[in-house]
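Chemist: Have a look at the structure that comes next, please.
Read-outs: derived from the displayed coordinates by stated rules, not from any lab. What you see is a predicted model; the values in this text were computed from it and never measured. So basically every Cβ, Gly included, is an ideal-geometry build from the backbone, and we count neighbours across all protein chains shown.
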Amino acid sequence: MYREIDWDKIDISVEPPIEEPARQYYFMMKCREWVQVFVKESGRRPTACVTTFGCQMNARDSEKLRGVLREIGYDEGSEETADFVIYNTCTVRENANTRVYGRLGQLKPRKKKNPGMMIALCGCMMQEPEVVEKLKKSYRFVDLIFGTHNIYKFAELVAARMDSGRQVIDIWKDTDQIVEDLPNKRKYPFKSGVNIMFGCNNFCSYCIVPYVRGRERSREPDAIIREIERLAADGVSEVMLLGQNVNSYGKTLDVPVTFAQLLREIEKIRGIRRIRFMTSHPKDLSDELIQVMAESDKICRHLHLPVQSGSTKILEKMNRRYTKEQYLALVRRIREAVPDISLTTDIIVGFPGETEEDFQETLDVVRKVRYDSAFTFIYSKRTGTPAAVMENQVPESVIRNRFDRLLKEVQEIAAHACSVHEGTVQEVLVEELSGHDKTMVTGRLSNNLLVHFPGEAKLIGSYVKVLLEECKGFYYIGKKSE
Ligand code: SAH
Ligand code: SF4
Ligand code: F3S
């Protein structure tokens, strides 16, 4: 587990060590020297801003980048003024890419005015060769480009850029390495994401993630437990275990461990009060896990269970490896064991070959399961995935129409499903002052619903019993209950 780095012991007059993470500490030291020169010359510390696109996995990676930047000596700045801007990109849908190019375009004039400014791009989009080609050709002003597999080498790559003064590009195709004990900087003092595995082996036919995140690899349970113990000692009481398919955790370890067994170990850690996880693939959700959830009072009453489509025919083409009936039966088993669970999902509309009947099956699942919320996505063609070359791509106007109908249904049901807690008293982990009203605080219930209630900043990070007075669709207004 990461401890304070003993800078006095690092000698950068010798060759860098080969082994990790010592090698990265060495390069952090090198970058520190560079930052000290900057401070001498400009009379201030340099600032950096890491902007995250995409999922919680990327958000967690960004925290690691911020940890390295802090060690190097950067202060956190805003994207508008920072000396070093880093975009941690996503490519799961085409519009994620478009947003990155848009933002990059805005950085160009700033960089022209201030040539000392640095721009780095990393994350999933960089794992696509066409993207890197385009950047090489038309975005020469980007200083540093790296991918998802070598993110742990951030310090070394920054040092390479500082040394050479030239554009540095380093992308790996895949890796089987997991480097532990690197710094990170949490967004919240009281909750944290924890990677339990990386990559994905499922190859859902629409999805680019397995290509840009590589093969599935699980962290050793000991490393996970040690990290969480240390987080708990540092004031964290809620952890979110992260993986593209947490239900297959541990299968590839030398000594295999199931996700349910891992949860049982994490439950024992003192100071941890809430355990969340995502994402669960329905095909791998075991009865053992359902039982652990039912017996636990730390595992949150929330399960994100992406269905993607309600049509067995489409599910098969998506390579999801479950049928509509199997999914519904799974939901029944979960609800029987954990009656107060909140279920959420992801749905794709307009997958190639989706007919109106297929879409009706999706609506049917939505009506039967009654999700507390659902992320709905318009199918986006990802080059290199099997679905991109499937016949019968659905016309945009048809998709739009189905998407609008789905959204309406999802929202109506969600508002209803959420309102069932009205009038009850429940525990809220207070996260921040309300965006709109500084006399209010905002927090989350075990089931992940948001609650706003009158309170002060000193409540942040604590658990408060709140009477849920009024449901406003997807959040509650409440008051402290003593
Ligand atoms: N590993 C997770 C999800 C990762 S991506 C899982 O299996 O559930 C998050 C969501 O993006 C997916 O659940 C899916 O609904 C959506 N998604 C992925 N690829 C997509 C594509 N090509 N077009 C539209 N939505 C997509
Ligand atoms: Fe993509 Fe499927 Fe893997 Fe999720 S499980 S990341 S949707 S391939
Ligand atoms: Fe996007 Fe990569 Fe996550 S493609 S959704 S940031 S794993």
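Chemist: To the nearest 0.05, what FRET efficiency results for Gln36 and Lys187 with a Förster distance of 25 Å applied to their C-beta separation?
Modeler: According to the calculation, E is roughly 0.35.
Chemist: How long are the semi-axes of the ellipsoid equivalent to the chain, from square roots of 5 times the Cα gyration tensor eigenvalues, in whole Å, largest first?
Modeler: 38, 28, 23
Chemist: OK, next. Under a straight-distance cross-link criterion of Cα-Cα below 18 Å, which lysines are reachable from Lys458, leaving out those fewer than 8 residues away in the same chain?
Modeler: Within the straight-line limit of under 18 Å, Lys458 reaches these lysines: Lys187, Lys191, Lys438, Lys479, Lys480.
Chemist: Using a basic spin-label model with each label point 7 Å from the Cα along Cα→Cβ, how many nm lie between Glu391 and Asp287?
Modeler: Each label point is offset 7 Å from its Cα along the Cβ direction, giving 4.2 nm.
Chemist: Cross-link partners among lysines for Lys108, C-alpha distance below 17 Å, same-chain residues fewer than 8 apart left out?
Modeler: Reachable lysines: Lys134, Lys136, Lys137.
Chemist: From the phi angles alone, apply the Karplus equation (6.51, -1.76, 1.60; θ = phi - 60°) to region 296-307 and give each ³J(HN,Hα) in whole Hz, x where the residue is Gly or Pro.
Modeler: Those phi angles translate into 8, 10, 9, 6, 5, 7, 8, 9, 8, 10, x, 9 Hz.
Chemist: Additional query: Among Ala294, Ile169, Gly455, whose Cα sits farthest toward the positive end of the charge dipole of the chain (+1 at Cβ of Lys/Arg, -1 at Cβ of Asp/Glu, about the Cα centre)?
Modeler: Of Ala294, Ile169, Gly455, it is Ile169.
Chemist: OK, next. When the Cα centres of region 105-121 and region 303-341 are compared, how far apart do they sit, in Å?
Modeler: 46 Å
Chemist: Name the residues of region 315-342 whose amide N is less than 19 Å from a point 7 angstrom out from the Cα of Glu357 along the C-beta direction?
Modeler: Residues 315-318, 323-326 qualify, since their backbone N sits under 19 Å from the label point.
Chemist: What Cys residues in the chain are without a partner cysteine, judged by a Cβ distance under 4.7 Å?
Modeler: Result for the chain is Cys31, Cys49, Cys55, Cys90, Cys122, Cys124, Cys200, Cys300, Cys418, Cys471, no neighbouring Cys Cβ within the cutoff.
Chemist: I'd like the distance separating the alpha-carbon centroids of region 207-235 and region 123-197, in whole Å.
Modeler: For region 207-235 versus region 123-197, the Cα centre distance is 17 Å.
Chemist: For region 292-412, give the magnitude of the charge dipole about the Cα centre (Cβ charges: +1 Lys/Arg, -1 Asp/Glu; no others), in debye to the nearest 20.
Modeler: In total the dipole reaches around 220 debye.
Chemist: Helix-only mean residue ellipticity at 222 nm, the chain, DSSP H runs n ≥ 4 weighted -39,500 (n - 2.57), per residue, nearest 500. What is it?
Modeler: Roughly -11500 deg cm²/dmol at 222 nm, from the helical runs in the chain.
Chemist: Which value, in Å³ per residue, describes the convex hull spanned by the Cα atoms of region 311-442?
Modeler: Considering the Cα atoms of region 311-442, their hull volume per residue is 162 Å³.
Chemist: In whole Å, what is the distance between the alpha-carbon centres of region 423-469 and region 348-402?
Modeler: Computed from Cα coordinates, the inter-centre distance equals 36 Å.
Chemist: Moving to a separate point now. If you take the beta carbon distance between Asp346 and Ser78 as r and set R0 to 45 Å, what does 1/(1 + (r/R0)^6) give as a FRET efficiency, to the nearest 0.05?
Modeler: E(calc), rounded to 0.05, equals 0.90.
Chemist: Can you give the extra length, in nm with one decimal, that the chain gains between Val425 and Lys112 once fully stretched, where that is 0.36 nm per residue apart less the Cα-Cα distance?
Modeler: Length difference between fully extended and current span is 107.1 nm.
Chemist: What are the ³J(HN,Hα) couplings of region 458-468, residue after residue, when phi is run through the Karplus curve with 6.51, -1.76, 1.60 and θ = phi - 60°? Round to Hz, x for glycine and proline.
Modeler: 5, 6, 4, x, 9, 9, 10, 7, 10, 7, 7
Chemist: Would you kindly derive the ³J(HN,Hα) couplings of region 8-20 from the backbone phi angles with the Karplus curve 6.51 cos²θ - 1.76 cosθ + 1.60 (θ = phi - 60°), listing them in order in whole Hz, with x for Gly and Pro?
Modeler: Karplus values, whole Hz, x for Gly and Pro: 4, 8, 9, 10, 8, 7, 9, 5, x, x, 7, 7, 9.
Chemist: For region 207-357, I need the span (max minus min coordinate) of the C-alpha atoms along each principal axis, in Å, sorted largest to smallest.
Modeler: Its Cα atoms span 53, 36, 27 Å along the three principal axes.
Chemist: With a ≥ b ≥ c the root eigenvalues of the C-alpha gyration tensor of region 163-220, is it rounded (a/c under 1.5), prolate (a/b larger than b/c) or oblate?
Modeler: oblate
Chemist: Mind giving me the nanometre distance, one decimal, between the label points for Ala329 and Asp254, set 7 Å out from Cα along Cα→Cβ?
Modeler: The answer from the label model is 3.9 nm.
Chemist: List the residues, sorted by chain then number, that are 5 or more residues from Glu431 or on another chain and whose placed amide H is less than 5 Å from its amide H.
Modeler: Amide H neighbours of Glu431: Thr442, Gly443, Arg444, Gly461.
Chemist: Which order do the peptides 173-184, 117-128 come out in when sorted by mean C-beta neighbours inside 10 angstrom, highest first?
Modeler: Going from most to least packed, we get 117-128, 173-184.
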